[in-house]
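First the structure, in the form of structure tokens, and then the observations on it.
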Amino acid sequence: MKNEFLIRMEEPEDCQLYFGDGSYRLFHRPVGTLVKDEFDCLTFQTLSTEPIDYHEHSGGTETFFISQGKFMGCCMGRYFVMETGDILHIQPWMGHGFTPLEPKSRLNILFMGIDQYASISDHSIRLRRTFPGVFEESSFNEVFRESGIGTGKRSAPAPNEYPPEQVPQLRRAGVGIRDHEFDGIKLQLKVGRHETEGVKEIWDLSMKPGFFCDWDNFMPVHRMFYVTDGKLSCYVKTSAEETVSFTAEKENVVIIPPYYPFGFKVIEEARVYDMDCSARLQDLFEEYGTLTYNDPSRKNKESFLELGRQYGLNCTDIGYNP
């Protein structure tokens with residue numbers, strides 16, 4: 001049964017747009033000013049012999065999650081290999097492109113400030129349906145791509161492969177810009193607020209069974225959690241009398257609209273991307289470290305949540321009951 005708060009990424013019925021071979025799937029469209037993100041997926045079923053599609057955007061950011069396979073990436077003229085679990089974060093005017101190195105390699109893509117569906121997908125679907133053959137013409141495709149979402153196609157850079165650690169836009173699996181660890185959870189900052197025009201942070205959460213977090217309040221923020229491993233027990237309060245409970249597991253996305261109380265508890269060791277963190281968590285962790293250094297008696301949940309409110313952390317309870 002379809003759940004409005006859960007996207008099972010492998011299920012066509014949960015996709016807002018699904019091409020028959022699964023090569024392109026749209027999971028979530030941007031909504032108004034509160035929700036800036038679109039989330040979709042490209043799967044390269046076979047290896048391509050075409051030159052790398054190297055291009056750049058005049059606005060918005062893109063975060064690419066390598067969820068399957070391997071790619072040769074290119075960013076700002078440098079080539080490098082991207083593997084399962086890696087993330088690439090692209091800001092405006094950064095030339096970038098990809099070539100799959102293995103069949104069925106997959107990119108999950110989080111757009112911020114770019115309405116991919118309205119600018120590209122909707123037009124291409126209509127043209128394929130109403131004018132068969134036009135969209136496939138190479139001459140038309142050049143015009144189509146150049147006019148879409150402020151993109152500019154560029155020549156593929158000359159070959160010059162770099163070690164992944166020399167590409168700052170690439171975040172390797174298991175490595176964060178900053179790491180923080182508490183009882184039952186390890187957090188790795190993958191995309192900082194300085195890289196998203198100050199809008200949000202993206203965190204990789206590794207959580208043990210028994211870790212829980214509740215947002216039993218009514219906040220005007222949108223939340224999106226991408227589960228890459230393990231299992232969570234989730235709930236969303238849909239009215240004063242009704243609560244929807246469900247399980248989220250690998251390759252699921254949990255979507256929480258504004259003003260919905262919700263929470264989760266880890267039931268199997270889990271890896272989750274918090275893709276819409278509006279709280280200034282990195283600032284909070286720095287301040288909490290200073291606070292507890294100066295006054296060790298403040299090292300407790302109550303002090304953490306009290307300080308957290310100053311930095312936009314709006315959860316009402318958090319803890320670890322193994």
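The values are calculated or read from the model by the stated rules, or taken from the named source; none is laboratory data. Everything quoted here is computed from the prediction, not taken from an experiment. In this analysis, Cβ positions are derived from the backbone assuming ideal geometry, glycine residues included, and neighbour counts consider all displayed protein chains.
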Item to check | Selected residue (only one of Ala279, Ala248, Ala270 is within 27 Å of Glu195 (Cα to Cα), small (Gly, Ala, Ser) and in contact with a strand residue (DSSP E or B) (Cβ under 6 Å, 6 or more places away or on another chain)) | outcome: Ala270
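Just for segment 105-147: of the residues that are among the hydroxyl-bearing types (Ser, Thr, Tyr) and crowded, with 18+ Cβ neighbours inside 10 Å, which one is nearest to Asp21 (Cα to Cα)?
Here is the first cut: in segment 105-147, the residues among the hydroxyl-bearing types (Ser, Thr, Tyr) are 105, 117, 119, 121, 124, 130, 138-139, 147.
Next, from what is left, pick out any that are crowded, with 18+ Cβ neighbours inside 10 Å: 105, 117, 121.
Values: Ser105: 14, Tyr117: 19, Ser121: 16 Å.
Ranking the qualifying residues of segment 105-147, first place goes to Ser105.
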Next on the checklist: Tell me yes or no: at least one residue of segment 3-17 is at pLDDT below 95, in contact with a Pro (Cβ under 9 Å, 6 or more places away or on another chain) and surrounded by 17 or more Cβ atoms within 10 Å (Cβ to Cβ).
Outcome noted: no
Next on the checklist: Could you check segment 272-299 and list, in sequence order, the residues that are in contact (Cβ under 8 Å) with a residue 40 or more places away in the chain and not acidic (Asp, Glu)?
Outcome noted: Val272, Tyr273, Met275, Cys277, Ser278, Ala279, Arg280, Leu281, Gln282, Phe285
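Would it be correct to say that Leu47 is outside the structural domain of Trp203 (by TED's automatic domain parsing), within 26 Å of Lys250 (Cβ to Cβ), touching a residue at least 60 places away in the same chain (Cβ under 8 Å) and of a type outside the set (Lys, Arg)? Break it down into steps so the answer makes sense when it comes.
Working: outside the structural domain of Trp203 (by TED's automatic domain parsing): yes; within 26 Å of Lys250 (Cβ to Cβ): yes; touching a residue at least 60 places away in the same chain (Cβ under 8 Å): no; of a type outside the set (Lys, Arg): yes.
In short, no.
Can you tell which of Arg171, Arg154, Arg178 is touching a Leu at 6+ places or on another chain (Cβ under 6 Å) and under 26 Å from Met94 (Cβ atoms)? Before the answer, list the steps.
On the way: Arg171 fails: touching a Leu at 6+ places or on another chain (Cβ under 6 Å); Arg154 fails: touching a Leu at 6+ places or on another chain (Cβ under 6 Å).
It is Arg178.
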Next on the checklist: Can you say whether Ser206 is within 20 Å of Glu11 (Cα to Cα), part of a strand (DSSP E or B), in contact with a Lys or Arg (Cβ under 6 Å, 6 or more places away or on another chain) and touching a residue at least 24 places away in the same chain (Cβ under 8 Å), as far as the supplied structure shows?
Outcome noted: no
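Among the listed residues Lys237, Lys265, Lys190, Lys208, which satisfies the condition of being over 16 Å from Cys315 (Cα atoms), more than 20 Å from the chain's Cα centre (by Cα), surrounded by 15 or more Cβ atoms within 10 Å (Cβ to Cβ) and modelled with pLDDT of 95 or more? Step through it out loud before you land on a result.
Values: Lys237 fails: over 16 Å from Cys315 (Cα atoms); Lys265 fails: over 16 Å from Cys315 (Cα atoms); Lys190 fails: more than 20 Å from the chain's Cα centre (by Cα).
Selected residue: Lys208, the only one of Lys237, Lys265, Lys190, Lys208 that is over 16 Å from Cys315 (Cα atoms), more than 20 Å from the chain's Cα centre (by Cα), surrounded by 15 or more Cβ atoms within 10 Å (Cβ to Cβ) and modelled with pLDDT of 95 or more.
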Checklist entry - How many residues does segment 242-254 hold that are touching a residue at least 24 places away in the same chain (Cβ under 8 Å) and either touching a Gly at 6+ places or on another chain (Cβ under 6 Å) or surrounded by fewer than 21 Cβ atoms within 10 Å (Cβ to Cβ) (or both)? => result 3
Checklist entry - If you take the residues in segment 24-41 that are of a type outside the set (Ser, Thr, Tyr) and either assigned to a loop (DSSP other than H, G, I, E, B) or surrounded by fewer than 16 Cβ atoms within 10 Å (Cβ to Cβ) (or both), which one is modelled with the lowest pLDDT? => result Leu34
